Number of protein chains: 2
Amino acid sequence: MHEWYGVYFPELGDFAVDAEYARLVSELGDRQAIMDHLGVSLESVGTDLVERDLEVIRGLGGTLSELYRRKEALDAYILEGMDRVAPNLSALLNPNLAARLISLAGGLQRLAKLPSSTVQLLGAEKALFLHLRSGKRPPKHGVIFQHPWVNRSPYWQRGKVARSLGGKISIAAKVDAYRGEFIADVLKEQMERRVAEIKEKYPDPPRREQRPQGRPQYQRHGQGRKQGQNRWR
Amino acid sequence: MHEWYGVYFPELGDFAVDAEYARLVSELGDRQAIMDHLGVSLESVGTDLVERDLEVIRGLGGTLSELYRRKEALDAYILEGMDRVAPNLSALLNPNLAARLISLAGGLQRLAKLPSSTVQLLGAEKALFLHLRSGKRPPKHGVIFQHPWVNRSPYWQRGKVARSLGGKISIAAKVDAYRGEFIADVLKEQMERRVAEIKEKYPDPPRREQRPQGRPQYQRHGQGRKQGQNRWR
């Protein structure tokens with residue numbers, strides 16, 4: 001959309017993005033009309049388009065707007081359902097991620113019965129079995145990687161954060177499965193404290209295993225494994 | 001969509017697919033209403049849904065229908081444009097694939113000037129440079145693989161078909177770029193004949209290089225290369 005409409009009006013990207021961009025293109029379309037609407041005035045460097053081309057681009061903008069609206073409606077629906085079914089899990093993480101975990105586990109009851117080390121890796125089955133089969137490094141997190149607590153932490157802290165979060169998720173799931181009271185606030189606070197603790201205790205990247213940052217490291221069988229390290233196959 | 005609505009009415013998949021499926025769900029939604037509309041009567045094994053769930057699924061069906069409609073409109077637009085700009089190329093292949101090639105080449109004029117061996121590999125640049133760098137096998141086709149002439153042929157004929165098709169594309173592009181007459185019929189006929197010829201001449205898979213069918217083969221450097229085979233780096 002951006003690339004296509006940008007031929008005609010490249011400057012619009014500075015004033016609107018995503019849903020707003022799509023809405024402006026589909027509803028107004030004309031460069032001048034959009035500038036009037038936004039209250040800006042500039043000499044666009046874009047080229048003119050014939051009416052037929054603009055019409056097709058506007059249609060695409062309309063479809064995109066529809067997709068954004070649909071996403072909002074589905075998010076609201078999930079929020080609503082999760083608030084009813086698993087309020088603690090939903091508040092501890094966020095409704096979408098909580099729903100994802102329940103789906104991966106095959107139901108709230110099942111999620112509540114899983115060990116927290118399994119919860120930690122839900123969604124990383126492929127990496128886990130690759131590890132078990134071929135001795136590659138074990139994964140440190142499954143879909144919970146999506147949570148900022150995990151993905152905003154530097155890589156050497158992530159495993160610890162993920163293990164701790166797996167535990168809290170297990171607790172929240174158990175409470176929700178048996179319709180307990182609302183304790184997500186407490187869990188969240190504990191989690192915050194634990195993240196801060198990890199941050200303080202492990203401020204520096206480990207020296208032993210040097211990883212080129214930014215790029216994943218692919219290891220051959222056996223390489224990089226410490227002597228005597230436990231290896232369950 | 002299928003998975004979700006299928007909880008409620010799994011049998012619908014036998015009567016409608018894709019766009020029609022999405023349309024029925026969004027416009028009618030109710031199981032009984034759809035059965036009446038289709039003139040079928042059966043005892044569904046699906047479970048009932050609360051009104052709120054059905055409503056959300058119908059909304060999703062509406063968005064899907066919108067996407068199908070948009071795809072049709074874009075296809076029509078491309079067809080229209082290609083008929084005007086590159087009638088031969090468009091008729092030889094199909095409008096979408098022809099547009100893709102022009103886009104990869106950076107314009108019809110540029111496409112017309114490329115050697116046909118380059119045309120044959122447009123869109124396979126990654127595989128080509130991997131070949132040049134590391135001695136992996138060279139790719140036999142780029143995006144033209146999408147054409148049934150190529151992808152419907154057995155693997156040992158594909159390279160020959162692709163080379164021939166690359167040549168015909170070059171001719172069509174040159175004629176279109178210089179606004180020549182319509183010769184796509186002739187090109188198509190020649191191509192059909194050449195494909196039949198290849199089929200007749202090479203009916204059997206080669207014996208020398210045995211490939212496990214169905215799975216791509218990853219070769220290490222040097223392996224599988226015949227003695228004295230030309231190797232340009």
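Summary table
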{"item": "Accessible surface, segment B:59-107, averaged per residue in Å² (probe 1.4 Å)", "result": "46 Å²"}
{"item": "Accessible area of segment B:2-77 belonging to carbon and sulfur atoms, whole % at 1.4 Å probe", "result": "52 percent"}
{"item": "Accessible area of A:Tyr202 in the full protein assembly, 1.4 Å probe (Å², nearest 10)", "result": "80 Å²"}
{"item": "Normalised contact order of segment A:86-201, rounded percent, pairs of Cα under 8 Å and 6 or more residues apart", "result": "34 percent"}
{"item": "Solvent-accessible area of B:Ile144 with every protein chain in place, 1.4 Å probe, in Å² to the nearest 10", "result": "0 Å²"}
{"item": "Highest-fluctuation residue, B:Gly167, B:Gly135, B:Gly29 considered, GNM on chain B with Cα pairs under 10 Å", "result": "B:Gly29"}
{"item": "Separation of the B:Tyr155 and A:Arg137 label points, Cα + 7 Å toward Cβ, nm", "result": "3.4 nm"}
{"item": "Gaussian network model of chain B, springs between alpha carbon atoms under 10 Å - residue of B:Ala112, B:Ala173, B:Ala22 with greatest fluctuation", "result": "B:Ala22"}
{"item": "Rounded to the nearest 20 debye, dipole of segment B:4-104 from Cβ charges on Lys, Arg, Asp, Glu", "result": "620 debye"}
{"item": "Probe 1.4 Å - accessible area at B:Val40, Å² to nearest ten", "result": "40 Å²"}
{"item": "Summed residue charge, Cβ within 14 Å of A:Glu189's Cβ, Lys/Arg positive, Asp/Glu negative", "result": "+1"}
{"item": "Rounded Å value of the spacing that divides the Cα centres of segment B:97-140 and segment A:109-159", "result": "40 Å"}
{"item": "Share of pairwise Cα separations in the protein assembly as shown, more than 43 Å, in percent", "result": "41 percent"}
{"item": "Table column - 3J(HN,Hα) (Hz), segment A:75-84, Karplus curve with 6.51, -1.76, 1.60, x for Gly and Pro", "result": "4, 4, 5, 5, 4, 4, x, 5, 4, 7"}
{"item": "Protein-protein interface of segment A:60-78, residues with accessible area decrease of at least 10 Å², isolated chain reference, 1.4 Å probe", "result": "A:Leu60, A:Thr63, A:Glu66, A:Leu67, A:Arg70, A:Leu74, A:Tyr77"}
{"item": "Potential extension, A:Asp75-A:Glu125 segment - 0.36 nm per residue separation minus Cα distance", "result": "15.4 nm"}
{"item": "Within-9-Å neighbourhood charge of A:Ser153 [Cβ basis; K, R +1; D, E -1]", "result": "+4"}
{"item": "Of A:Gln146, A:Gln32, A:Gln120, the one that fluctuates the most in a GNM where chain A has Cα springs shorter than 10 Å", "result": "A:Gln32"}
{"item": "Flagged links, alpha-carbon separation over 32 Å, of B:Lys174/B:Lys201; A:Lys71/A:Lys140; A:Lys140/A:Lys188; B:Lys113/B:Lys140; A:Lys71/A:Lys136", "result": "A:Lys71/A:Lys136"}
{"item": "Proximal charge balance of B:Ala177 [Cβ under 10 Å; K/R count +1, D/E count -1]", "result": "+3"}
{"item": "Degrees between helix B:95-105 axis and first principal axis of chain B (Cα, 0 to 90, nearest 10)", "result": "50 degrees"}
{"item": "A:Glu72, B:Glu200, reordered so the largest accessible area comes first (probe 1.4 Å)", "result": "B:Glu200, A:Glu72"}
{"item": "Cleavage-rule hits, trypsin sites (Lys or Arg not before Pro), segment B:121-180, DSSP coil, Cβ neighbours within 10 Å at most 13", "result": "B:Arg152, B:Arg179"}
{"item": "Rounded to whole Hz, the Karplus (6.51, -1.76, 1.60) HN-Hα couplings of segment A:51-62, x for glycine and proline", "result": "3, 4, 5, 4, 4, 5, 5, 5, x, 4, x, x"}
{"item": "Accessible area buried, both sides summed, chains A and B with 1.4 Å probe, Å²", "result": "1400 Å²"}
{"item": "Under Karplus coefficients 6.51, -1.76 and 1.60, residue-wise ³J(HN,Hα) of segment B:152-168 in Hz, glycine/proline x", "result": "8, 7, x, 4, 7, 9, 4, x, 5, 4, 5, 5, 5, 5, x, x, 5"}
{"item": "Check: segment B:86-201 dipole with +1 on Lys, Arg Cβ and -1 on Asp, Glu Cβ, in debye", "result": "540 debye"}
{"item": "Kirkwood-based shape ratio for chain B, expressed as Rg/Rh from alpha carbons", "result": "1.12"}
{"item": "Amide proton proximity set for A:Gly123, modelled H, under 5 Å, gap of 5+", "result": "A:Val143"}
{"item": "Cα lying deepest toward the dipole's positive end in segment B:86-201, options B:Ser103, B:Gln120, B:Ile169, charges on Cβ", "result": "B:Gln120"}
{"item": "CD proxy at 222 nm, helix term only [per DSSP H run n ≥ 4: -39500 (n - 2.57); per residue of chain A; nearest 500]", "result": "-18500 deg cm²/dmol"}
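The values are calculated or read from the model by the stated rules, or taken from the named source; none is laboratory data. As the structure is a prediction and not an experimental result, all values here were calculated from the model. Positions of Cβ are generated from backbone atoms using ideal geometry, with glycine treated the same way; all protein chains shown enter the neighbour counts. Please note that ligands, DNA and RNA were not included when accessible areas were found on the heavy atoms of the full protein model with its side chains. Shrake-Rupley method; radii C 1.70, N 1.55, O 1.52, S 1.80 Å.
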